[in-house]
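J.: There's a structure below that I have some questions on.
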Amino acid sequence: MYSSPRSGHNTVEIFIRSNGVHTDFVLPVRNQHIAWDTFIAPSVCNADSSYNYIALGWGDKGFFLNTPTWADLTFSTAFVAASGLGESAMHVDYLKNAPKIGERGKRYMISAEQYELLIHYIKQSFTFRENKVMLIDHAGYGARDKFFEANGRYSLFMTCNEWTGDGMQAADMEVGIWTPLEFGIMADH
């Protein structure tokens, strides 16, 4: 799927991946627009310079930290997330390869201008202290990921997928009108 550029040529390849419920942006670690590895060092996520992509997603902090698998989901975690009472977090994952295109991965070619808008949107989602993102002292889901403090509150009306959809809108990418669930992001528009 390709988006309509605001201006210029579609020169930046990005991806959106889904686990069936949650969506992330998957971006090249380094290009002429940004070096994500200087924003969040791969070593922070137990990765190294051989990792080519960085996945970034936003969500409820309690859900991220307390629900590594669906079997770990509790009523209280779900209630706090749905009600907007909890804090939010950014999930960052270093990847060797781009997501596979299909039901769980979509490829987009966007303009440099769109990518700059997306970079700005993602960066403003992080909470900073002394000009540095704030790492949460907690294990990630796997070997190459970590959680970071984020801005905003997750709720039934502002979900992880709404965050992804809002990022797509901020970058003038084609996206569904309402995206609380992942199919609003992953469906062909």
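J.: Looking at the calculated P(r) for the chain, what percent of the C-alpha pair distances fall above 19 Å?
T.: On the way: 10167 of 17766 pairs.
Across the chain, Cα pairs with separations above 19 Å total 57 percent.
J.: Given labels modelled 7 Å from the Cα in the Cβ direction, how far is it in nm from HIS33 to PHE157?
T.: Result: 3.1 nm between the two label points.
J.: Something else now. Compute the label zone of SER43 within segment 126-152: residues whose backbone N is under 17 Å from the point 7 Å along Cα-to-Cβ.
T.: From segment 126-152, the list is 133, 135, 144-146.
J.: OK, next. Give, rounded to the nearest 20 debye, the magnitude of the charge dipole that the chain has about its Cα centre when Lys and Arg contribute +1 at Cβ and Asp and Glu contribute -1 at Cβ.
T.: Values: 15 positive and 21 negative charges, 53 e Å.
It works out to roughly 260 debye.
J.: Something else now. For LYS123 and ALA187 in the same chain, what is the full-extension length gain: residue separation times 0.36 nm, less their Cα-Cα distance, in nm? Don't skip to the end; give the middle numbers.
T.: Working: separation 64, 0.36 × 64 = 23.04 nm, distance 2.56 nm.
20.5 nm is the gain from fully extending LYS123 to ALA187.
J.: What GluC sites (Glu not before Pro) in segment 94-189 are in a loop by DSSP, with at most 10 other Cβ atoms within 10 Å of the Cβ? Write down the numbers at each step before the final one.
T.: Details: sites: GLU103, GLU113, GLU116, GLU130, GLU149, GLU162, GLU174, GLU182; in loops: GLU103, GLU130, GLU174, GLU182.
Taking segment 94-189 and a limit of 10 other Cβ atoms within 10 Å, the loop GluC sites (Glu not before Pro) found are GLU103, GLU130.
J.: Now, a different point. Report, in deg cm²/dmol and to the nearest 500, the calculated mean residue ellipticity at 222 nm for the chain, where each DSSP H run with n ≥ 4 adds -39500 (n - 2.57) and the sum is divided by the residue count. Please report the intermediate quantities before stating the final value.
T.: Values: 6 runs with 48 residues, N = 189.
Rounded to the nearest 500, it is -7000 deg cm²/dmol.
J.: What lysines could a cross-link reach from LYS61, if we take a straight Cα to Cα line under 16 Å and drop same-chain neighbours fewer than 8 places away?
T.: Leaving aside lysines fewer than 8 places away in the same chain, those within reach of LYS61 are LYS146.
Read-outs throughout are calculated quantities, based only on the coordinates presented, and are distinct from any laboratory measurement. Small disclaimer: the values here were computed from a predicted structure and weren't measured. With ideal geometry, Cβ positions are generated from the backbone for all residues, glycine too; neighbour counts draw on all protein chains shown.
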